[in-house]
Amino acid sequence: YLEDYRQVINILSDLTDVITYEKFIWARMVVSSRIFGVMMGGKKTDALVPIADMLNHKIPKMTSWYFSD
């Protein structure tokens, strides 16, 4: 993740004091732990789905996720 952080800091160089590596890692893990794979326009992509990350933790799953254009 260090290379990703360096790329962000390269673009946002004036925020180096605010965006520490530790904060970057925390934010990245928060997002990646809540992301869903969805199909949009026939292509698989990732999406943040508010509240959905708190639902459906039973195995086997009892819901299906989809996106409607």
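The values are calculated or read from the model by the stated rules, or taken from the named source; none is laboratory data. A quick note: this is a predicted structure, and the numbers were derived from the prediction, not measured. Ideal geometry is used to build each Cβ from the backbone, glycine not excepted, and the neighbour counts take in all protein chains shown. With ligands, DNA and RNA removed, areas are computed over all heavy atoms of the protein, side chains included. Shrake-Rupley method; radii C 1.70, N 1.55, O 1.52, S 1.80 Å.
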Distance in nm between label sites at Ala52 and Phe36, each 7 Å beyond Cα in the beta-carbon direction?
0.2
Which of [x] -0.59, -0.71, -0.79, -0.93; [y] -0.49, -0.67, -0.79, -0.96; [z] -0.69, -0.83, -0.90, -1.00 is the computed log10 I(q)/I(0) by the Debye sum over Cα atoms at q = 0.15, 0.18, 0.20, 0.23 Å⁻¹ for the structure on display?
[z]
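May I ask for the net charge around Ile25, where only other residues with Cβ less than 15 Å from the Cβ of Ile25 are counted and Lys, Arg are +1 while Asp, Glu are -1?
0
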At 0.36 nm per residue, and after removing the present C-alpha to C-alpha distance, how many nm does the segment from Leu12 to Arg28 gain when stretched out fully?
4.1 nm
Can you give me the % of accessible surface on the chain that is carbon or sulfur? Probe 1.4 Å, all protein chains present, nothing else counted.
61
Could you report the chain's accessible area per residue, 1.4 Å probe, as an integer in Å²?
89
Largest first, how would Asp14, Asp4, Asp46 line up by accessible area (1.4 Å probe)?
Asp14, Asp46, Asp4
